[in-house]
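Asker: What follows is a single structure, and I will ask about it in a moment.
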Amino acid sequence: MIVKPRIRGFICTTSHPLGCASNVREQADLTRALGNAAGCKSALVVGCSGGYGLASRIVAGFGYRANTVGVSFEKSPENDKPASAGWYNNAAFDHLAEEAGLKSVTFDGDAFSHEIKEQVIDELKTNYAPVDLLVYSLAPPIRVHPDSGERYRSVIKPLGEAYEASTLTLDVLKGTGRLTPVSLEPATEEETAATIAVMGGDDWRRWIDRCADEGVLSDDFKTIAFTYLGNELTYPIYRGGTLGQAKEDLDRTCVELNKRYGGKGAEALVAVLKAVVTQASTAIPVVPLYFSILFKVMKAAGTHEDCIAHINRLFREQLYGDSPRRIDEQGRVRMDNFEMADTIQAEVRRRWQAINGENLGELADVQGFTEDFLRIFGFGRDDVDYDAELSDLASVVRS
Ligand code: NAD
């Protein structure tokens with residue numbers, strides 16, 4: 001079978017097993033090239049199959065030689081339908097870990113459910129405890145509440161008043177884009193509460209409490225969750241909107257976790273990460289336009305990082321390194337220092353004001369954005385023959 005990208009807007013319904021495997025191998029190689037570091041021996045990564053969670057698992061495994069347990073919600077291949085990219089990423093990670101003599105196991109299922117927590121904790125007790133790092137990197141659209149069974153759907157909307165702006169609509173396969181208007185009505189209170197239930201801190205706290213109650217965490221464990229702040233251009237749709245409310249809940253959870261577990265030397269952190277193209281981030285309106293302007297400016301300044309470079313810097317500099325912590329007044333670790341640098345932001349603002357249909361390709365990195373998007377699904381790599389027949393969509397990643 002030959003697998004080609006099938007794209008609708010910011011959704012790609014196919015993924016290439018060999019391309020995904022190459023993506024994971026490349027990230028592992030980049031991490032190994034930075035050298036072995038110490039501090040993390042056993043890690044649980046919730047949301048391990050893509051974006052920042054996958055990068056965290058790779059850095060823990062191939063930068064720190066940690067044994068890792070991953071949890072994610074992915075689709076396996078069915079007949080002639082390829083698996084989701086995250087499923088291939090997990091298979092590739094487990095394969096590389098085995099090659100490197102590291103223990104790893106991946107659980108596929110709903111991280112919010114009691115069942116998955118139980119299964120993971122059983123495995124941790126038998127093979128991985130004490131866990132000294134729990135990375136919480138979920139970006140789910142819905143949550144079925146494990147106690148009530150109620151189904152919450154997160155929404156990406158402004159609060160208070162409607163928001164109108166331009167966004168970038170892509171023709172990914174041509175590497176082109178155009179500006180299109182977006183108009184979003186403000187969220188209702190119910191929608192805001194649902195978004196907090198899905199993307200806030202409740203489930204992070206549940207993972208930590210369950211793991212602590214079951215005795216699978218080391219006394220001095222670290223746990224980290226990720227957030228985004230952005231600037232005034234993205235504020236109405238991100239930090240000032242429903243997602244921002246959920247992220248404020250995550251910040252409050254971090255404070256609570258430190259109160260509850262800090263006594264014996266454990267530490268909970270929220271890290272503010274930079275903008276990168278992932279399945280989750282491309283779903284946010286307006287963000288593609290801001291990101292593609294930002295990437296052009298950061299690439300010109302030589303400060304652009306992708307997921308793996310960014311997470312390597314997080315681990316080696318802030319999480320375990322001995323550099324002074326870059327902490328803001330809310331206690332968050334600021335990894336977005338390059339993105340938020342005054343010179344970068346001033347140039348992004350200037351371009352944002354000036355951008356139009358004619359100068360889009362000149363002021364924004366539309367091509368880079370589309371390349372990053374295709375890469376998520378294992379497409380657009382030079383080292384993969386996309387015309388080659390694949391015999392078996394499940395086992396090909398191990399070859
Ligand atoms: P992503 O879409 O690449 O990955 C999300 C992960 O969550 C995947 O592994 C997916 O399988 C998993 N997942 C979703 N629902 C699940 C469920 N019910 N059970 C188990 N697993 C589930 O997302 P990402 O962009 O890497 O986001 C990860 C975190 O980083 C989020 O908290 C996000 O807000 C934050 N962040 C992202 C950016 C960015 O620009 N992408 C910037 C700053 C912070």
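The values are calculated or read from the model by the stated rules, or taken from the named source; none is laboratory data. Predicted model only: the values in this text are computed from it and were never measured. Please note: Cβ atoms are built from the backbone with ideal geometry, for glycine as well, and neighbour counts cover all protein chains shown. With ligands, DNA and RNA removed, areas are computed over all heavy atoms of the protein, side chains included. Shrake-Rupley method; radii C 1.70, N 1.55, O 1.52, S 1.80 Å.
Asker: Take every DSSP beta bridge whose two residues both sit in the chain, then give the antiparallel share in percent to the nearest 5. Before the final figure, lay out the partial values.
Answerer: Working: 16 of 43 bridges.
Bridges in the chain are about 35 percent antiparallel.
Asker: For residue 174, what accessible surface area do you get with a 1.4 Å probe? Give it in Å², rounded to 10.
Answerer: 150
Asker: Now, a different point. Quick one: among 245, 318, 330, which has the greatest mean-square fluctuation in a GNM of the chain with alpha-carbon springs under 10 angstrom?
Answerer: Residue with maximal mean-square fluctuation among 245, 318, 330: 330.
Asker: Let me ask another. Specify, per residue and in Å³, the volume enclosed by the convex hull of the alpha carbon atoms belonging to the chain.
Answerer: Details: hull volume 56.6 nm³, N = 399.
In the chain, the Cα hull volume divided by residue count equals 142 Å³.
Asker: I'd like the Karplus ³J(HN,Hα) series for segment 191-204: coefficients 6.51, -1.76, 1.60, θ = phi - 60°, whole numbers in Hz, and an x wherever there's a Gly or Pro.
Answerer: Those phi angles translate into 5, 5, 4, 5, 5, 5, 4, 7, 9, x, x, 4, 6, 4 Hz.
Asker: Comparing 321, 241, 63, which has the greatest mean-square fluctuation in the GNM of the chain with Cα pairs linked when under 10 Å apart?
Answerer: 321
Asker: Under a crude label model (7 Å from the Cα following the beta-carbon direction), how far is residue 98 from residue 161 in nanometres?
Answerer: Modelled inter-label distance: 5.8 nm.
Asker: Just to check I understand the Karplus step: with θ = phi - 60° and J = 6.51 cos²θ - 1.76 cosθ + 1.60, what whole-Hz values come out for segment 46-51, glycine and proline as x?
Answerer: Couplings: 9, x, 8, 9, x, x Hz.
Asker: Same structure, new question: Taking springs between alpha-carbon atoms closer than 10 angstrom, which of 306, 372, 383 fluctuates most in the Gaussian network model of the chain?
Answerer: So, out of 306, 372, 383, the one fluctuating most is 383.
Asker: Among the aspartates and glutamates, which fall within straight-line cross-link reach of residue 157, defined as a Cα-Cα distance under 17 Å, with same-chain neighbours fewer than 8 residues apart omitted?
Answerer: By straight Cα distance, residue 157 reaches 185, 189, 190, 191, 232, 248, 249.
Asker: Moving on. Using alpha-carbon positions, what is the distance between the centroids of segment 298-371 and segment 153-171, in Å?
Answerer: Segment 298-371 and segment 153-171 have Cα centres separated by 22 Å.
Asker: While we're looking at this one, here's another question. State in Å² the accessible area per residue of segment 110-228; use a 1.4 Å probe, count heavy atoms of protein chains only, and round to the nearest integer. Before the final figure, lay out the partial values.
Answerer: Values: 5540 Å² over 119 residues.
Accessible surface, normalised per residue, equals 47 Å².
Asker: Could you give the length gained by full extension between residue 122 and residue 260, i.e. 0.36 nm per residue of separation minus their alpha carbon distance, to one decimal place?
Answerer: Details: separation 138, 0.36 × 138 = 49.68 nm, distance 2.33 nm.
Difference between extended and current length: 47.4 nm.
Asker: Would you list 298, 199 from the most to the least accessible area, probe 1.4 Å? Walk me through the numbers before you get to the answer.
Answerer: Working: 298 0, 199 30 Å².
Accessible-area ranking of 298, 199, largest first: 199, 298.
Asker: Rounded to the nearest 500, what is the chain's calculated 222 nm mean residue ellipticity when only DSSP H runs of at least 4 contribute -39500 (n - 2.57) each, over all residues? Walk me through the intermediate numbers first.
Answerer: Working: 12 runs with 143 residues, N = 399.
Taking each H run of at least 4 residues, the total per residue is -11000 deg cm²/dmol.
Asker: Provide 171, 122, 213 ordered by accessible surface of protein heavy atoms (probe 1.4 Å), highest first. Before the final figure, lay out each step's value.
Answerer: Working: 171 60, 122 90, 213 125 Å².
Ranked list, largest accessible area first: 213, 122, 171.
Asker: For an R0 of 35 angstrom, estimate the FRET efficiency from the Cβ-Cβ distance between residue 248 and residue 353 and round to the nearest 0.05.
Answerer: Taking R0 as 35 Å, the efficiency between residue 248 and residue 353 is 0.75.
Asker: Could you work out the relative contact order of the chain, using alpha carbon pairs under 8 angstrom and six or more residues apart, expressed as a whole percent? If you can, show how the numbers build up before the last one.
Answerer: Values: 749 pairs, mean separation 84.7, N = 399.
Relative contact order for the chain comes out at 21 percent.
Asker: Same structure, new question: Quote the accessible area belonging to residue 44 in square angstrom, nearest 10, computed with a 1.4 Å probe and with ligands, DNA and RNA left uncounted.
Answerer: 0
Asker: Something else about it: Ignoring ligands, DNA and RNA, what percent of the 1.4 Å accessible area of the chain is carbon and sulfur?
Answerer: 49
Asker: Continuing with the same structure: Taking the convex hull of the alpha carbon atoms in segment 83-149, what volume per residue do you get, in Å³?
Answerer: On the way: hull volume 7.7 nm³, N = 67.
Value for segment 83-149: 115 Å³ per residue.
Asker: Leaving out ligands, DNA and RNA but keeping every protein chain, what accessible area does residue 381 have, in Å² rounded to the nearest 10, with a 1.4 Å probe?
Answerer: Its heavy atoms expose roughly 20 Å² to the probe.
Asker: Please report, largest first and rounded to whole Å, the three semi-axes of the ellipsoid equivalent to segment 93-195, where each semi-axis is the square root of five times an eigenvalue of the C-alpha gyration tensor. Display every interim value, and only then the final one.
Answerer: Working: eigenvalues 286, 115, 22 Å².
Semi-axes, largest first: 38, 24, 10 Å.
Asker: At a 1.4 Å probe radius, which order do 228, 320 fall into by accessible area, largest first?
Answerer: On the way: 228 20, 320 50 Å².
Solvent-accessible surface, decreasing: 320, 228.
Asker: To continue, here is another question. In whole Hz, what ³J(HN,Hα) sequence does segment 174-187 give by Karplus (6.51, -1.76, 1.60; θ = phi - 60°), x for Gly and Pro?
Answerer: Result, ordered by residue: 8, x, 10, x, 9, 7, 9, x, 10, 9, 10, 6, x, 6 Hz.
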